[in-house]
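Below is one structure, written out as structure tokens; the observations come after it.
The values are calculated or read from the model by the stated rules, or taken from the named source; none is laboratory data. Because the structure is predicted, anything quoted here is derived from the model rather than measured. Using ideal geometry, Cβ is built from the backbone for each residue, glycine included, and neighbour counts are taken over all protein chains shown.
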Amino acid sequence: MSVVAIVCADYADASHATALVALLDAYASDPAGGGEGLTDFAKQHLVRELSARPQAYSVLAFDGTQPVGLVNCIEGFSTFACKPLVNVHDVAVLASHRGRGIAEQMLALAEMIAKERGAVKMTLEVLSGNHGAVRLYERIGYAGYQLDPAMGTARFFQKWL
């Protein structure tokens, strides 16, 4: 088994940009990502748009020169703590490389960067049927969000505009 390199993506690096788009497209095409690949528009503009946002950062995993994993993070703001927070927006590892701890390693680097940015917490969403991901997230310290147990745990909603 080869050693996998985990790096903070450089959006200006053509190999990183190509890897990011290919990995996100593979994730979007997977049932866990919705089963439908990225649009041509997204493929053409994604890296430029991420690089235009200083609150965005990505982590890549490479097995030699082959890109095998991706984490996209977007900084937000916790009004209660009056400090940044980081939302882990995408976590993807190619099927050929799952079960090797790559997602955990990428999330560790993402967390280190979040701490460097002064973030008070990290958040993420996961589909309840993605049991492997749920186990990983719980094992590394993620838990359902609640303020008062009597009010229950937070639920994630979306509304397309």
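Being closer than 22 Å to Leu60 by Cβ, surrounded by fewer than 14 Cβ atoms within 10 Å (Cβ to Cβ) and modelled with pLDDT of 95 or more is the filter here; which residues of the stretch 115-139 pass it? Before the answer, list the steps.
If we filter the stretch 115-139 for residues that are closer than 22 Å to Leu60 by Cβ, which is where we start, we get 115-117, 119, 122-126, 130, 132-133, 136-137.
Subsequent filtering for residues that are surrounded by fewer than 14 Cβ atoms within 10 Å (Cβ to Cβ) retains 115-116, 125, 132.
Answer for the stretch 115-139, where residues must be closer than 22 Å to Leu60 by Cβ, surrounded by fewer than 14 Cβ atoms within 10 Å (Cβ to Cβ) and modelled with pLDDT of 95 or more: Lys115, Glu116.
Could you check the stretch 131-161 and list, in sequence order, the residues that are more than 21 Å from Gly33 (Cβ to Cβ) and part of a helix (DSSP H, G or I)?
At the first step, the residues of the stretch 131-161 found to be more than 21 Å from Gly33 (Cβ to Cβ) are 139, 141, 143-154.
Selection gives Arg139, Pro149, Ala150, Met151.
Considering the stretch 93-118 alone, what residues qualify as being farther than 19 Å from Glu138 by Cβ and not charged (D, E, K, R)?
Hits for the stretch 93-118 are Leu94, Ala95, Ser96, His97, Leu109, Met112, Ile113, Gly118.
Scan (1) part of a loop (DSSP other than H, G, I, E, B); (2) within 24 Å of Glu138 (Cα to Cα); (3) without any contact (Cβ under 8 Å) to a residue 12 or more places away in the chain for the single condition Ala28 breaks and write down its number.
(1)
Cβ contacts < 9 Å: first residue closer than 15 Å to Glu125 by Cβ, restricted to the stretch 145-161; second residue not in a loop (DSSP other than H, G, I, E, B), any location; separation 6+ or different chain. Result?
If the second residue must be not in a loop (DSSP other than H, G, I, E, B), the pairs left are Tyr145/Thr123.
What are the residues in the stretch 112-133 that are over 14 Å from the mean Cα position of the chain (by Cα) and not charged (D, E, K, R), if any? Give the derivation first.
Step one: filter the stretch 112-133 for residues over 14 Å from the mean Cα position of the chain (by Cα), giving 115-121, 128-132.
Gly118, Ala119, Val120, Ser128, Gly129, Asn130, His131, Gly132 - these are the residues of the stretch 112-133 that are over 14 Å from the mean Cα position of the chain (by Cα) and not charged (D, E, K, R).
Would you check if there is a residue in the stretch 147-156 being under 29 Å from Asp25 (Cβ atoms) and at pLDDT below 95? Can you show your working first?
Taking the stretch 147-156 and keeping what is under 29 Å from Asp25 (Cβ atoms), we get 155-156.
From what's left, at pLDDT below 95: 155-156.
Yes: the stretch 147-156 contains one or more residues that are under 29 Å from Asp25 (Cβ atoms) and at pLDDT below 95.
Which one of Met106, Met112 is surrounded by fewer than 16 Cβ atoms within 10 Å (Cβ to Cβ), out of contact with any Asp or Glu (no Cβ under 8 Å at 6 or more places or on another chain) and at pLDDT 95 or above? Full working, then the answer.
Values: Met106 fails: surrounded by fewer than 16 Cβ atoms within 10 Å (Cβ to Cβ).
Exactly one residue qualifies, and that residue is Met112.
Among the residues of the stretch 55-75, write down those that are over 11 Å from the mean Cα position of the chain (by Cα) and either outside any strand (DSSP E or B) or in contact (Cβ under 8 Å) with a residue 40 or more places away in the chain (or both).
Gln55, Ala61, Phe62, Asp63, Gly64, Thr65, Pro67, Val68, Glu75
Here is a check on your reading of the model: is Glu49 assigned to a helix (DSSP H, G or I) and over 26 Å from Gly132 (Cβ atoms)? Even if it seems obvious, please write down each step before you answer.
On the way: assigned to a helix (DSSP H, G or I): yes; over 26 Å from Gly132 (Cβ atoms): yes.
Yes, satisfied.
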